[in-house]
1. Where nothing but the Cβ of Lys and Arg (+1) and of Asp and Glu (-1) is charged, how large is the charge dipole of the chain around its Cα centre, in debye to the nearest 20?
2. Name the residues whose placed amide hydrogens come within less than 5 Å of the amide hydrogen of Lys224, ignoring near sequence neighbours (fewer than 5 apart) on the same chain.
3. Distance between the C-alpha centers of segment 166-225 and segment 39-114? Whole Å please.
4. Just the number: Rg to Rh for segment 155-277, Cα atoms, Kirkwood Rh, two decimals.
5. Collect residues whose amide H, placed 1.01 Å from N in the peptide plane, falls under 5 Å from the amide H of Glu62; neighbours closer than 5 in sequence don't count.
6. For segment 243-293, what does the relative contact order come out to in percent, with C-alpha contacts under 8 Å and a separation of six or more?
7. If I take the Cα coordinates of segment 92-243 and project them onto the principal axes, what are the three extents in Å, biggest first?
8. Using the charge dipole of segment 6-238 (Lys, Arg: +1 at Cβ; Asp, Glu: -1 at Cβ; taken about the Cα centre), state which of Gly171, Ala128, Gly223 has its Cα farthest towards the positive end.
Amino acid sequence: MNILRSMLFVPGDSEKKMAKAASVGADALILDLEDSVAAQRRPLAREMSLAYLKGADRSNGELWVRMNPLDSADALLDLVAVVAGRPDGIALPKCEGPHHVLQLSNYLEVLETQYGIPVGSIGITAIATETAAAPFTLGQYKGAPRVRILTWGAEDLGAALGASSNKDEHGNYTPPYVLARSLCLFGAYAAGVQALDTVQPDFRASDKLLRECNEGRRDGFLGKIAIHPDQVAVINEAFTPSAAEIAHAQAVINAFATNPEAGTLSLEGKMIDKPHLKQAERVMAIAKQAEARR
Ligand code: COA
Ligand code: MG
């Protein structure tokens, strides 16, 4: 799978931000037609996003579009406007489960056919924890068409629940959001798709961002959403295996390669077995992709 360490949100009606976004180094941009665009500017944002999709150099990274929720009148207007620009994928907010993914996939199939785009080539990122119902379906995405990424959001979920805050007095997520985050992680691995960690909205606080990146990486997320250019380099670095991690992973792989009969071995004074080999192979695959993007 093509792993995206950083996906930068860019309001789809901002000429300035769209112009800047290309040079920021994000693995993907998400041109936003939803929450960061005022309703009356959506028609303009659709036009600008289509023009951007058509004109952009894709070697700078993938280009995605965040549409409006499926139950809004904007949803089909968004898709009808932007699919002609062949986005790499569509981010679906307020996604409540595989039935929403299937509905979106069917719409995309019609539009891909209309525009002569290979059917199935446009991917889906499910933003899969933004309503009260959504967390209950997080284990059901296996086999859902087109899904490449599962991610979670704490801001809309908090609004959906009438929460006065989603963080405690120390700045840590409260239990409902920790649960949503964990279920998103399990759901992504259960479905065999990439787990993408949510945004850090406090975009001037690079120390907080780094801490969240490290926690996400530790737990198995393979990337994180960015909302500001300054966040991208921090995220890319945090989700790229370090030289020491690569050396360790290679040592694990070598140890099993030279002892093909062994189920368990000792390396640097510690027991290693099958899960360590699996993780080492994963680290090497991620490192290889990061190297190719340099
Ligand atoms: N993408 C591309 N460029 C961006 C950007 C983004 N998401 N956010 C800021 N920039 C640009 C600014 O235009 C500015 O460009 P300049 O150097 O040419 O003047 C530069 O980066 C520095 O921006 P700064 O002044 O620090 O931030 P700001 O106050 O202009 O914007 C936000 C702050 C939060 C409004 C802005 O980062 C933003 O719009 N983020 C995306 C929000 C979003 O899409 N939310 C939905 C998903 S949760
Ligand atoms: Mg939102």
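All of the numbers you see were taken from the coordinates with simple rules; none came from a lab. Quick caveat: nothing in here was measured; it's all calculated off a predicted structure. Counting neighbours? That spans all protein chains shown, and the Cβs are built from the backbone with ideal geometry, glycine included.
1. Numbers: 30 positive and 35 negative charges, 100 e Å.
Dipole size: approximately 480 debye.
2. Those qualifying (amide H under 5 Å, at least 5 residues apart or on another chain) are Ser6, Met7, Asp197.
3. After rounding, the separation between the Cα centres reads 25 Å.
4. Values: Rg = 18.2 Å, Rh = 17.0 Å.
With Rg and the Kirkwood Rh in hand, the quotient comes to 1.08.
5. Ala28, Leu29
6. Working: 36 pairs, mean separation 21.4, N = 51.
Reported as a whole number, the value is 42 percent.
7. Principal axes ranked by extent give 49, 41, 26 Å for the Cα atoms.
8. Result: Gly223.
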